[in-house]
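Here the structure comes first, spelled out in structure tokens, and everything after it is commentary.
Just so it is clear, none of the values below were taken in a lab; they were calculated from the coordinates. Because the structure is a prediction, the values reported are computed rather than measured. Glycine also receives a Cβ, built like all others from the backbone with ideal geometry; neighbour counts cover every protein chain displayed.
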Amino acid sequence: MKPATTAFARRRLLGLVVLVAALLTLACTKVQSLIQSRFTGKVVAVLDGDSLMVLDGRQQVEVRLHGVDAPEGGQAFGNVCKRTLSNLVFGKTAAVQVVDIDRYKRRVSRLAVDGRDVGLEMIRAGCAWHYRQYSDDAGYAAAEVEARRARLGLWQDAAPVAPWKYRRAQ
């Protein structure tokens, strides 16, 4: 290979490396800004006991409640817990604090409606487990212990199956 051709190839490769680095930086910045975002919007749909759609401006955003896991639709209490979440949030204005973006591109978030922590209310009602794998919130842990003790919601079941175990078995 001629020296001029080798120099051209090196410059071209360097240009590609710089371009890839810039694109990666831009992508990471975009994800980081989403993770650290807060917004307020109307809850326009409840998908299940821990996922919903919230309007962020004119865009519908899928939100997954942080720190809780509710029964799936096919599980015992799945529909009851979806209805409970709907009664708490549907049609209301929610303050959303995005904590993470999950593998399904949902905004995993703390959600407050009328000043109340929605995840905590779902646990208190016996409609969600404290998802310890992703949250070390002491209030959530205590609420689950109390709901179990009082046999509220899904804790009425003799042997409730955690949603993450149910999903793994499917």
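Numerical summary
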| quantity | calculated |
| --- | --- |
| Unit charges at the beta carbon, dipole of the range 37-169: most positive-side option, Val145, Val46, Val68 | Val46 |
| FRET E, pair Arg58, Arg149, Förster distance 41 Å, beta-carbon r, rounded to 0.05 | 0.40 |
| Residues Leu47, Leu154 arranged by fewest to most Cβ contacts within 10 Å | Leu47, Leu154 |
| Global form of the range 37-169, assessed from the alpha-carbon gyration tensor, a/c cut-off 1.5 | prolate |
| For the range 62-67, 3J(HN,Hα) per residue [Karplus equation, 6.51 cos²θ - 1.76 cosθ + 1.60, θ = phi - 60°, Hz, x = Gly/Pro] | 7, 10, 10, 5, 6, x |
| Simple label model, 7 Å out from Cα along Cβ direction - Val161 to Thr93, nm | 4.2 |
| Karplus-derived HN-Hα couplings along the range 131-142 (A = 6.51, B = -1.76, C = 1.60, θ = phi - 60°), whole Hz, x at Gly and Pro | 8, 4, 4, 10, 8, 10, 5, 5, x, 5, 4, 5 |
| Cβ charges +1 (Lys, Arg) and -1 (Asp, Glu), total dipole of the range 64-105, debye | 160 |
| Restricting the range 57-143 to chymotrypsin sites (Phe, Trp or Tyr not before Pro) in coil, as DSSP defines it, with at most 13 other Cβ within 10 Å | Tyr104 |
| Estimated vicinal HN-Hα couplings, Hz - the range 79-94 in sequence order (Karplus 6.51, -1.76, 1.60; Gly, Pro = x) | 6, 4, 6, 5, 5, 4, 4, 4, 4, 6, 10, 4, x, 9, 8, 10 |
| Under 5 Å, built H, 5+ apart or other chain: amide partners of Glu72 | none |
